């Protein structure tokens, strides 16, 4: 999906964590992922970013 979007000229944000697969199980990775997700949604849905 990421490759196809980039090939089509669509901006893509992707995040990968060492030792993780199709889910995020390590707490620091989950925290980082959800922080980035909330920021992404805030930017693209014109909403306020959640406080940490």
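Some points to look at:
- The set of residues in segment 1-40 being assigned to a helix (DSSP H, G or I), without any contact (Cβ under 8 Å) to a residue 12 or more places away in the chain and surrounded by 12 or more Cβ atoms within 10 Å (Cβ to Cβ) consists of 5, 6, 30, 31, 34, 37, 39.
- Meets criteria (part of a helix (DSSP H, G or I) and either on the phi > 0 side of the Ramachandran plot or modelled with pLDDT under 90 (or both)) for residue 43: yes
The values are calculated or read from the model by the stated rules, or taken from the named source; none is laboratory data. What you see is a predicted model, and the numbers here were worked out from it, not measured in a lab. We place every Cβ from the backbone using ideal geometry, glycine too, and count neighbours over all the protein chains shown.
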